[in-house]
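Let me begin by presenting the structure, written as structure tokens, before commenting on it.
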Amino acid sequence: MQTTLGLQEDVIEQLAFDPRVGSDDIAVAVKEGVVTLHGRVTSLPQKWLVEAVVKRVKGVRALVDELVVDLPATHVRNDTDIALSIERRFETNSIVPRGITLIVRDCYVTLQGEAEWHYQAQEAASEARRVTGVKGVANAIVIKGAVRPDPAEVTRQIHAALQRLADMDAKNVYVTVSDSCVKLSGTARSWAEHDNATQAAWSVPGVTHVDNAISVHPW
């Protein structure tokens, strides 16, 4: 079994190995497979990239991101400019639902409104994160499914989707459906499996909420 020190070294080496990551200002702490990141990054996309890199490391069971976005002086913008930039990106993106509103305070953005599909809400958040000067995005968009799903059919579709994935052990994932809400439980061998289960649940028509309680156990 991988030791705490071994996992810490693997995470540090993976961050240093990826040329897209500036890891000099990032500290890594590990306890029982839980990785905590401290330090500073120069942009919100950089913060998300660091998270993605760490989650790919074998042995990581959970991630606590305490990285602070410390913008270079040339990237600092006022809240009005940030809001206008986000609205322009929304207007030119056909995936983002109309009627999404946003609140910008001290360079932190909160998105509100409704979407029929989860991917539409994700797209809105992704667009906001790409805007220079944004330090954080809270996605409060509510999913309002166009159809009322049948719980048994939702369960069947999720399991069928997972079984089609070559790198997914679907028998260890359990699905509970109440109205339009899905709860996933069980175990996954990697964060990729964990995230695949989330995506499968959100892809079923009518699902408005997904609670992923799957534990990642790499060994």
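Values quoted throughout were computed directly from the atomic coordinates according to the rules given, and no laboratory measurement underlies them. From a predicted model like this one, the values you see are computed outputs, not experimental measurements. Virtual Cβ from ideal backbone geometry, glycine too; neighbours counted across all protein chains shown.
For the chain, the orientation-averaged shadow of the C-alpha convex hull comes to 13.2 nm² (one quarter of the hull surface).
For Val137, the residues whose modelled amide H falls within less than 5 Å of its own, excluding neighbours fewer than 5 places apart on the same chain, are Val109.
Under the combined filter of DSSP loop state and at most 11 neighbouring Cβ atoms within 10 Å, segment 17-80 retains these GluC sites (Glu not before Pro): Glu32, Glu66. Extending 7 Å from the Cα toward the beta-carbon at both Glu51 and Ala16 defines two label points whose distance is 2.6 nm.
Between His38 and Glu116, the modelled labels are 4.8 nm apart [label points 7 Å from Cα along Cα→Cβ].
Here the Karplus curve 6.51 cos²θ - 1.76 cosθ + 1.60, taken at θ = phi - 60°, turns the phi angles of segment 113-128 into couplings of x, 10, 9, 7, 10, 4, 4, 5, 5, 4, 5, 4, 5, 4, 4, 5 Hz, with x standing for Gly and Pro.
Checking the table Lys135/Lys183; Lys31/Lys183; Lys31/Lys171; Lys47/Lys135 against a 21 Å threshold on Cα-Cα, which pairs fail? Where the Cα-Cα span goes over 21 Å, the pairs concerned are Lys135/Lys183; Lys31/Lys183; Lys31/Lys171. Between His75 and Arg98, full extension at 0.36 nm per residue minus the direct alpha carbon distance yields a gain of 5.5 nm. With θ taken as phi - 60° and the Karplus curve 6.51 cos²θ - 1.76 cosθ + 1.60 applied, the whole-hertz 3J(HN,Hα) list for segment 184-196 is 9, 9, x, 10, 10, 8, 7, 5, 5, 4, 4, 6, 4 Hz, x standing for glycine and proline. For segment 10-30 versus segment 159-202, the spacing of their alpha-carbon centroids is 29 Å. Amide hydrogen proximity for Asp211: with H placed 1.01 Å from N in the peptide plane, the residues at 5 or more positions away or on another chain lying under 5 Å are Val182, Lys183, Leu184.
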